[in-house]
Amino acid sequence: EIIRLTQEKREAYRAGYTVLAAVDSSVGGKTAIDLKAGKNLAGVFHQPSLVICDTTTLNTLSPETFSDGCAEVIKYGVINDIDFFEYLEKNDIKENIDFVIESCVTNKAKIVSVDEFDKGIRQLLNLGHTIGHAIEICSSLTITHGQAVSIGMMIATKIAITLDLCPEEDLSRIKIVLEKIGLPTKTDFTAKELASVATADKNRAGDKINLILPHGIGNCKPVKINVNELENIIEKGL
C-alpha cells in the first residue's frame with residue numbers, strides 16, 4: 001500500500017525513522033554484502049515494516065548522484081512497463097519525481113509480492129546487473145552502480161539484438177533515455193575481463209548463468225547461458 005504523507009506527517013517520520021529516498025533497494029527485503037569474489041554474494045531476505053520515500057532529500061544530491069539512481073528508474077520501463085518507458089522518453093524525471101518514484105515502487109512491490117525469494121519473475125530486476133557488477137569490480141568501484149547498470153543494460157540489449165530477440169531500434173531508444181539523464185552507455189573493458197568476473201555472479205548456478213535480455217522494450221526474459229560461452233556472448237554486446 002502506498003500512502004502520500006502530509007508535510008506534518010513527513011516531519012514526524014523524519015524524527016523517528018531513517019529516510020530512504022530510493023526506488024529500488026529500499027523495497028523488497030533483499031539485504032546483502034559484497035565479498036572479494038563478487039557483489040551481493042551473502043545476505044538474507046528481511047522485509048521492512050515501513051519504507052519512506054521523502055522526495056525532498058533528492059534535492060541534496062549532486063546531478064551525478066541523482067542520475068546514478070535513475071538507472072534503476074529506467075530499468076523498470078525496460079523490463080516490463082513500456083508505458084512507463086514511453087513516459088520517460090517524453091518527460092523529465094526530476095520534474096515528475098513523485099510519479100516516477102511511485103511507479104517504480106509499485107512495480108517492484110508487485111514483482112516481490114509474487115516472488116519474494118528471487119526464484120522466478122524477480123530475476124527480471126537483474127537487467128543490466130550481471131555485467132554491470134562485473135564493470136564495477138573491474139573498475140575497482142570507480143564506476144558507480146548506476147553507471148555500470150546503465151552500461152550493462154546497453155550490453156544486454158545489444159546481445160539480445162544479435163540473438164534476434166529484440167528489435168534493433170529499441171537500442172537507440174534506450175540509449176537516448178539513458179544519455180538524457182547523463183548516464184554512460186559503453187565501456188572500455190574487454191569481454192574477457194568482464195566474463196572472468198561475471199562468472200562469480202550470484203545469478204550463476206553450476207555451469208549456467210542467467211542473463212536478463214530484452215525481447216523488446218517492456219518485455220524482458222531470463223536466458224540461460226553456458227559459463228564457457230559467456231565471453232563470446234558479452235563480446236556480441238560490446
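The values are calculated or read from the model by the stated rules, or taken from the named source; none is laboratory data. Quick caveat, the model's predicted, so the values are computed rather than measured. Neighbour counts are summed over all protein chains in view; Cβ atoms, including those assigned to glycine, are modelled from backbone coordinates with ideal geometry. Heavy atoms of the whole protein, side chains included, go into the accessibility calculation; ligands, DNA and RNA do not. Shrake-Rupley method; radii C 1.70, N 1.55, O 1.52, S 1.80 Å.
Rounded if a/c is under 1.5, else prolate if a/b beats b/c, else oblate: with a ≥ b ≥ c from the C-alpha gyration tensor eigenvalues square-rooted, which is the chain?
Values: a/c = 1.74, a/b = 1.46, b/c = 1.19.
It comes out prolate by the Cα gyration axes.
Just grab the label-to-label distance for Thr60 and Glu89, each label 7 Å out from Cα along the Cβ direction, in nm (one decimal).
My value for the distance between the label points is 3.7 nm.
Let me know the charge dipole size of the stretch 102-238 about its Cα centre in debye, to the nearest 20, where only the beta-carbon of Lys, Arg (+1) and Asp, Glu (-1) is charged.
Values: 16 positive and 17 negative charges, 49 e Å.
The calculated dipole for the stretch 102-238 is roughly 240 debye.
Roughly to the nearest percent, how much of the accessible area of the chain is carbon and sulfur, given a 1.4 Å probe? Walk me through the numbers before you get to the answer.
On the way: 6370 of 12210 Å².
Here carbon and sulfur together make up 52 percent of the probe-accessible area.
State whether the stretch 77-124 is rounded, prolate or oblate according to the following rule on the C-alpha gyration tensor (a ≥ b ≥ c being the square roots of its eigenvalues): a/c under 1.5 gives rounded; otherwise a/b larger than b/c gives prolate, and the remaining case gives oblate.
Prolate, since a/c reaches 1.5 and a/b exceeds b/c.
Suppose a student asked you for the relative contact order of the chain, using Cα pairs under 8 Å spaced at least 6 residues apart; what percent would you report?
Working: 354 pairs, mean separation 50.8, N = 238.
Here the relative contact order equals 21 percent.
Dipole magnitude of the stretch 171-238 about its Cα centre, charges +1 at Lys/Arg Cβ and -1 at Asp/Glu Cβ only, in debye to the nearest 20? Write down the numbers at each step before the final one.
Details: 11 positive and 8 negative charges, 69 e Å.
Approximately 340 debye in magnitude.
Among Ile135, Ala200, Pro167, pick out the residue whose Cα is farthest towards the positive end of the charge dipole of the chain, where Lys and Arg carry +1 and Asp and Glu carry -1 on C-beta, about the Cα centre.
The residue sitting farthest along the positive end of the dipole is Ala200.
Would you check the accessible area of Phe117, probe 1.4 Å, heavy atoms only, in square angstrom rounded to 10?
110
Keeping all protein chains in place and using 1.4 angstrom, which order do Cys138, Cys70 fall into by accessible surface area, from largest down? It would help to have the intermediate numbers written out before the result.
Values: Cys138 40, Cys70 5 Å².
Result of the area sort, largest leading: Cys138, Cys70.
Report, for the chain, the % of DSSP beta bridges that are antiparallel, rounded to 5. Intermediate results must be reported in sequence, preceding the final value.
Working: 14 of 14 bridges.
Of all bridge pairs located within the chain, approximately 100 percent are antiparallel.
Taking only protein heavy atoms and a 1.4 Å probe, what accessible area per residue, in Å², does the chain have with all protein chains in place? Each step should come with its number before you reach the end.
Details: 12210 Å² over 238 residues.
With the other protein chains kept in place, the chain gives 51 Å² per residue.
List the relative contact order of the stretch 106-238 as a percent without decimals, with contacts defined as Cα pairs under 8 Å and 6+ residues apart.
On the way: 192 pairs, mean separation 36.6, N = 133.
Computed over the stretch 106-238, the figure is 28 percent.
Provide the packing ranking of 60-67, 190-197, i.e. peptides ordered by the mean count of other C-beta atoms within 10 Å per residue, highest first. Write out the running numbers ahead of the final one.
Working: 60-67: 13.4, 190-197: 18.0.
Averaged packing, sorted descending, gives the order 190-197, 60-67.
Once the piece of chain linking Thr31 and Gln47 is laid out straight, how much longer is it, given 0.36 nm per residue of separation minus the C-alpha distance between them?
Working: separation 16, 0.36 × 16 = 5.76 nm, distance 0.92 nm.
Gain in length upon complete extension: 4.8 nm.
Sort 175-184, 148-157 by the packing proxy (mean of other Cβ within 10 Å over each peptide's residues), most packed first. Show your work: numbers first, answer last.
Working: 175-184: 18.3, 148-157: 28.5.
Peptide ranking by packing, descending: 148-157, 175-184.
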